[in-house]
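Take a look at the structure below.
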């Protein structure tokens, strides 16, 4: 090999290494997802398994099992990959990610498998289920039977495409078992999963798995997302005679999902290349941290930091103050709050100064509103004209009687003296306000 060729080869390897490191931008530490697992499928050794048995909705990873069932029907010669059939209205109207099928379209199972693997088409999945088993319900029964057969003991499926459904759950370990069995039985299926795009009716959909275009030795496999689960992925790759399967479930974004899957694969291949290597150590974790992650029952999203202790303390004290604060009594049919007895709360216990101020506040607000409306507030002290001194209790007039007297009173004299005309009858003295 000439010097120039060796130099070009070395430069290419260096560029590839830099590209891989740039693509896996995650920092050293735990995998940023709800659960994950990494397996050396060649030896059967589990290299890393943080919360691998936590149950989570599978989302579109369900389509891997659906493709498995469909290919079983083809291998048993019950169905054909290239025979055309009509798409039903139910399949064409399926929502979510779509290939773009229309009712009455003539398609082949081969086209639908590309639509499921590349575009994650829910309409293509329903059309496949109806073609293979006659109905979605019958197809789902085959899916669950196959899942039990390959050891997916903690998984249950309710539909063929992975849209939200009650009871539809899986685990990272079960998805790893599915990927291992599926690729071992149908290694040629990688042509569906590695296709860069799929085109139907003039519309081209790129492959939803970003690792399929750049990760060295990638075999597949599938991505998925729903709100309840987050971002899921199964990634498989082969290097130097070793095949690794990485499963990441519940990542917070598409970028983190791809980064963490690539980081898991890199850590696994690095651990295999070093004698006695450890994938957790390659990820920057100690053996104790890896053991703790394996047994951890829950996961806190890294994108949402917990509130500070100071804020939590402030919220707690505010709730305590609201519980201790006495409420103003409101009489039925009256909007005006009534003041509690001085020095006592509703329960009869003596209140502090701060509590008294809080009790008086609603009545003060009500008096302010009444003054702006031009009427005295209920329970407010009446004042002599031209003075700030309150009238004695014996001379105070009830507001209702004062309004009645005002409507019955005749017009005042032209002199403007304020005294009633001679024919006006004197009003009887008002009774004092009842104690409340």
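The values are calculated or read from the model by the stated rules, or taken from the named source; none is laboratory data. Small disclaimer: the values here were computed from a predicted structure and weren't measured. With ideal geometry, Cβ positions are generated from the backbone for all residues, glycine too; neighbour counts draw on all protein chains shown.
The set of residues in the stretch 89-132 that are free of Cβ contacts under 8 Å to residues at least 24 places away in the same chain and more than 24 Å from residue 207 (Cα to Cα) comprises 89, 103, 104. The set of residues in the stretch 34-56 being in a strand (DSSP E or B) and in contact (Cβ under 8 Å) with a residue 12 or more places away in the chain consists of 35, 36, 37, 38, 39, 40, 47, 48, 56. Taken across the stretch 175-187, residues that are under 25 Å from the mean Cα position of the chain (by Cα), part of a helix (DSSP H, G or I), over 14 Å from residue 117 (Cα atoms) and at pLDDT 95 or above do occur, with at least one present. Starting from residues that are out of contact with any helix residue (DSSP H, G or I) (no Cβ under 7 Å at 6 or more places or on another chain) and touching a residue at least 24 places away in the same chain (Cβ under 8 Å), keep the ones in the stretch 141-169 and report whichever is farthest from residue 245 (Cα to Cα). Only one residue fits best here, namely 164.
One residue stands out among those in the stretch 215-247 that are within 30 Å of the chain's Cα centre (by Cα) and in a loop (DSSP other than H, G, I, E, B): the one that is surrounded by the most Cβ atoms within 10 Å (Cβ to Cβ), which is 229. Considering only residues in the stretch 240-253 that are in contact with a helix residue (DSSP H, G or I) (Cβ under 9 Å, 6 or more places away or on another chain) and at pLDDT below 95, the one that is farthest from residue 97 (Cα to Cα) turns out to be 240.
Would you mind stating whether residue 138 is in contact with a helix residue (DSSP H, G or I) (Cβ under 9 Å, 6 or more places away or on another chain) and either over 27 Å from residue 197 (Cβ atoms) or surrounded by 24 or more Cβ atoms within 10 Å (Cβ to Cβ) (or both)? Break it down into steps so the answer makes sense when it comes.
Details: in contact with a helix residue (DSSP H, G or I) (Cβ under 9 Å, 6 or more places away or on another chain): yes; either over 27 Å from residue 197 (Cβ atoms) or surrounded by 24 or more Cβ atoms within 10 Å (Cβ to Cβ) (or both): yes.
Spelling it out, residue 138 is indeed in contact with a helix residue (DSSP H, G or I) (Cβ under 9 Å, 6 or more places away or on another chain) and either over 27 Å from residue 197 (Cβ atoms) or surrounded by 24 or more Cβ atoms within 10 Å (Cβ to Cβ) (or both).
Within the stretch 75-110, being buried (at least 20 other Cβ atoms within 10 Å of the Cβ) and not in a loop (DSSP other than H, G, I, E, B) holds for 91, 107, 109. Being touching a strand residue (DSSP E or B) at 6+ places or on another chain (Cβ under 6 Å) and closer than 24 Å to residue 244 by Cβ holds for only one residue in 184, 172, and it is 172. Out of the residues in the stretch 188-214 that are over 24 Å from residue 123 (Cβ atoms) and either modelled with pLDDT of 95 or more or assigned to a helix (DSSP H, G or I) (or both), state the one that is nearest to the chain's Cα centre (by Cα). That would be 211.
Apart from one condition, residue 120 fits all of (1) surrounded by 17 or more Cβ atoms within 10 Å (Cβ to Cβ); (2) assigned to a helix (DSSP H, G or I); the exception is (2). With the checklist (1) in a helix (DSSP H, G or I); (2) free of Cβ contacts under 8 Å to residues at least 24 places away in the same chain; (3) under 28 Å from residue 105 (Cα atoms) in hand, flag the one item residue 270 doesn't pass. Of (1) in a helix (DSSP H, G or I); (2) free of Cβ contacts under 8 Å to residues at least 24 places away in the same chain; (3) under 28 Å from residue 105 (Cα atoms), only one is false for residue 270: (3).
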